[in-house]
Amino acid sequence: MKYISTRGQVAPIGFIDAVLMGLADDGGLLVPERMPQLTKEELAKWQSLSYPELALEIFSLYIEDEIPRDELKQLVDDSYATFRDEAVTPVRKLKDSQYVMELFHGPTFAFKDVALQFLGNLYSYISRRTSSIIHILGATSGDTGASAIEGVRGKEGIKICILHPHQKVSKVQELQMTTIDDANVLNLSVEGTFDDCQRIIKELFADVDFKHQYHLRAINSINIARILAQIVYYFYAYFRLAEQGQQGAVSFSVPTGNFGDIFAGYMAKQMGLPIHKLIVATNENNILARFVNEGLYQPGEFRGTHSPSMDIQVASNFERYLYYLNNGDADAVASLMARFKSEGSLTVTGDVLKQVQADFAAYSVENEECLDTISEYYKQHDYLLDPHTACGIAASDKLTAEGEVTVTLSTAHPAKFDEAIRLRSISQTYPEQIQALFDKPQFQKVVAGTNDAIKEQLVSFF
């Protein structure tokens, strides 16, 4: 399996080189040269597999023999042994035809652990095998940072620097990152929004000389390994419902800001998984919902919401979808992204917009609607949703017909967002690991939201 850039100016490379490259050297994003296709017979064989066994099969399709199967199995087993639930990503029924898949049973109580426990172990493996220097640079709207740090802290040969928007993540998210005092971890609290953090990351990775000089590696979902790891749980959810007698295609409602989680679902569908509908659930930062519903991709005014991990205006994985939407025409993608950079927007119409709306449905959830959904499901179903999952549930309730089986991806434990939960007079008990954070000292540097300010920190750290 080889990987190519959405902008077409990078020669095909193998999986390990793709992981190390992160953002493609031409500024694009890496995608597999071909999409593996699965038959009904192959799907039937996979139905009874455990989560790690299923992950091994799916990773093998994209890695082939570049990592020997026994070594890949060890990486997978080590990655998911850290989860608190034996199922790794259990599926719960809330009401008729409405399910949630709990993706928050990893070390940091967020869905990012599913991919980043694996990627952390993968980076450690690559460092040992290739003698590569691994200096990880990432940005977070809240959950990626803690998950990434947890995935690599204390690992020999790896350093990690995480940028987060100053005072724009939840208190628990902040504490999970900044109470880590390991020598190989640097937390930078950036004055600005997550979009500022993400822009800086992309521009530093696009500076190829700087990237190579300081051996920068990506942990954000610009790294293709993140997406591949997230494909697995779509298959796992489908198989768990099939065990309960569900026949035919399943819909998924996905809270998303950066488009990575739902793009993994798009890939799963392209591989042959029977998915009926992929629902893009956004908050008031609704650039993705507007694109699906109107064909306009244009950042709006930033809004702070009760679901801060989705407070994103420019979705880093959107370019990968544009590549497939344009039938793999890298020149067309490069032209579109150049236009977006110069004009600040891009538009699709006609048959192209019809294709977008065949691939996705979308709904933007207002702040009060998010809180109302938390309150309603707590009262009626005795189930406490975090505000991001609540956006997914609200979108599912709005866009799915009666009897249409839908799985909402539950992206975080509600304890990570108690500020929002308390607004509906709901009290909860923190898990022991989260409660302990409040008694620990914090370690972070507040820095200006400029490339030069971040570069100065990186040069002294790396």
> Amide H of Asn184: which non-local residues (sequence gap of 5 or more, or other chain) have their own amide H closer than 5 Å, using H built in the peptide plane?
Replying inline: Gly154
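For segment 391-456, what class follows from the C-alpha gyration tensor (a ≥ b ≥ c being the square roots of its eigenvalues): rounded when a/c is under 1.5, otherwise prolate if a/b is larger than b/c, else oblate?
Values: a/c = 3.10, a/b = 1.57, b/c = 1.98.
Verdict is oblate for segment 391-456.
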> Considering the dipole of the chain built from charges on the beta carbon (Lys and Arg +1, Asp and Glu -1) around the Cα centre, which of Cys161, Thr400, His105 is farthest to its positive end?
Replying inline: Cys161
> So, in Å, what gap is there between the alpha-carbon centers of segment 27-78 and segment 435-453?
Replying inline: 37 Å
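Quick check: from the Cα gyration tensor, does segment 220-349 come out rounded (a/c under 1.5), prolate or oblate? Please report the intermediate quantities before stating the final value.
Values: a/c = 2.06, a/b = 1.50, b/c = 1.37.
The shape class here is prolate.
About its Cα centre, how strong a charge dipole does the chain have in debye, to the nearest 20, once Lys and Arg get +1 and Asp and Glu get -1 at the Cβ?
Roughly 220 debye for the chain.
Quick one: order His276, His164 by neighbouring beta-carbon count within 10 Å, fewest to most. Write out the running numbers ahead of the final one.
Values: His276 14, His164 26.
Going from least to most buried by this count: His276, His164.
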> Using θ = phi - 60° and the Karplus form 6.51 cos²θ - 1.76 cosθ + 1.60, what ³J(HN,Hα) does each residue of segment 326-340 get, whole Hz, x for Gly and Pro?
Replying inline: 9, 6, x, 7, 5, 5, 5, 5, 4, 5, 4, 6, 5, 5, 4
> In nanometres, what is the gap between the two model label sites at Asn327 and Lys45, each 7 Å from Cα along Cα-to-Cβ?
Replying inline: 3.3 nm
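Calculated from DSSP H runs of 4 or more alone, at -39500 (n - 2.57) each and per residue, what is the 222 nm mean residue ellipticity of the chain, nearest 500?
Details: 20 runs with 215 residues, N = 462.
Mean residue ellipticity at 222 nm (helix-derived): -14000 deg cm²/dmol.
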> Ranked by Cβ crowding within 10 angstrom, fewest neighbours first, how are Arg217, Arg92 ordered?
Replying inline: Arg92, Arg217
>> Based only on other Cβ atoms within 10 Å, what is the fewest-to-most ordering of Ser335, Ser425, Ser48, Ser253?
In response: Ser425, Ser48, Ser335, Ser253
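Order 202-211, 230-239, 137-146 from most to least packed using the mean count of other Cβ atoms within 10 Å. The partial results should precede the final answer.
Details: 202-211: 15.8, 230-239: 24.5, 137-146: 28.6.
For the peptides 202-211, 230-239, 137-146, the packing ranking is 137-146, 230-239, 202-211.
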> Just for the chain, what percent of DSSP beta bridges are antiparallel, to the closest 5?
Replying inline: 25 percent
> Does the chain classify as rounded, prolate or oblate by the C-alpha gyration tensor (a ≥ b ≥ c root eigenvalues; a/c under 1.5 gives rounded; else a/b over b/c gives prolate, otherwise oblate)?
Replying inline: rounded
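Rule-based calculations on the coordinates, nothing more; no lab input. The shown structure was predicted, so the numbers you read here are calculated from the model rather than taken from an experiment. Here Cβ is always computed from backbone atoms with ideal geometry, including for glycine, and neighbour counts include all displayed protein chains.
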